[in-house]
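The values are calculated or read from the model by the stated rules, or taken from the named source; none is laboratory data. Values in this document were obtained by computation on a predicted structure and should not be read as measured data. Note that we place each Cβ from the backbone using ideal geometry, even for glycine, and neighbour counts take in every protein chain shown. Side chains included, ligands, DNA and RNA excluded: accessible areas come from the protein's heavy atoms. Shrake-Rupley method; radii C 1.70, N 1.55, O 1.52, S 1.80 Å.
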Amino acid sequence: MTKQRTFSIIKPDATERNLTGKINAKFEEQGLRIVAQKRLRMSRLQAKEFYIVHKDRPFYDELVEYMVSGPVIVQVLEGENAMLKNREIMGATDPKKADKGTIRAEFGVDIGSNSVHGSDSLENAATEISFFFSGLEIVG
Ligand code: ADP
Ligand code: MG
């Protein structure tokens, strides 16, 4: 097995409730290493571009407004099978359907305010990492 990197965002509902440490503990306890991290406020333009794949979904505008509504933590997570492992740690999109013990089951508010984003493929992980980080900012 080789190490992978994936991209993660701790979303505004979680930064608002001061949950960044508890969420990071979930990643670390389950073998993912935070190899880059920064807190920022996304611009509307950045949020629109980041979620461009969802531009035709009915919730796109709501999603963009939510993502700019407060600070976020953007992160690079590293570990064995990191992309899929992170999706497991996050849980299903809708917190009501997420498995017990997952971030979204424990902390998510609803299907929109679901506390975390995680890349859904290695290709998207690479694109999303380079959207927010330069190579020099990632220290494995
Ligand atoms: P995931 O984040 O689990 O990969 P998607 O890529 O399908 O889920 O959706 C991206 C984000 O859009 C979700 O995390 C959530 O914040 C928001 N979202 C998804 N579905 C809905 C919905 N039906 N209503 C409102 N917001 C939604
Ligand atoms: Mg997704």
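A compact table of results
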{"quantity": "Every residue from region 9-39 that is closer than 12 Å to residue 114 by Cα and part of a strand (DSSP E or B)", "calculated": "9, 10"}
{"quantity": "Any pair with Cβ under 6 angstrom, 6 or more apart, that starts in region 44-58 at a residue that is at pLDDT 95 or above and ends at one that is away from ligand 2 (no atom under 15 Å from the Cβ)", "calculated": "44/68; 47/68"}
{"quantity": "Candidates 65, 128, 80 - the one that is over 20 Å from residue 20 (Cβ atoms) and in contact (Cβ under 8 Å) with a residue 40 or more places away in the chain", "calculated": "80"}
{"quantity": "Those residues of region 86-125 which are away from ligand 2 (no atom under 12 Å from the Cβ), surrounded by fewer than 16 Cβ atoms within 10 Å (Cβ to Cβ) and either part of a helix (DSSP H, G or I) or under 11 Å from the mean Cα position of the chain (by Cα) (or both), in sequence order", "calculated": "88, 96, 97, 122, 123"}
{"quantity": "Among residues of region 1-31, those that are charged (D, E, K, R) and free of Cβ contacts under 8 Å to residues at least 24 places away in the same chain, counted", "calculated": "2"}
{"quantity": "Single residue of region 126-137 satisfying the filter (more than 13 Å from ligand 1 (Cβ to nearest atom) and either in contact with a Ser or Thr (Cβ under 9 Å, 6 or more places away or on another chain) or at pLDDT below 95 (or both)) that is most open to solvent (accessible area, probe 1.4 Å)", "calculated": "127"}
{"quantity": "Those residues of region 41-74 which are open to solvent by 80 Å² or more (accessible area, probe 1.4 Å), within 21 Å of residue 6 (Cα to Cα) and not in a helix (DSSP H, G or I), in sequence order", "calculated": "41"}
{"quantity": "Filter result for the condition that a residue is farther than 15 Å from residue 32 by Cβ, small (Gly, Ala, Ser) and at pLDDT 95 or above, over 79, 91, 112", "calculated": "112"}
{"quantity": "Residue 38, sole failed condition from (1) within 15 Å of ligand 1 (Cβ to nearest atom); (2) among the charged types (D, E, K, R); (3) open to solvent by less than 80 Å² (accessible area, probe 1.4 Å)", "calculated": "(1)"}
{"quantity": "So residue 140, is it away from ligand 1 (no atom under 13 Å from the Cβ), open to solvent by 30 Å² or more (accessible area, probe 1.4 Å) and not acidic (Asp, Glu)", "calculated": "yes"}
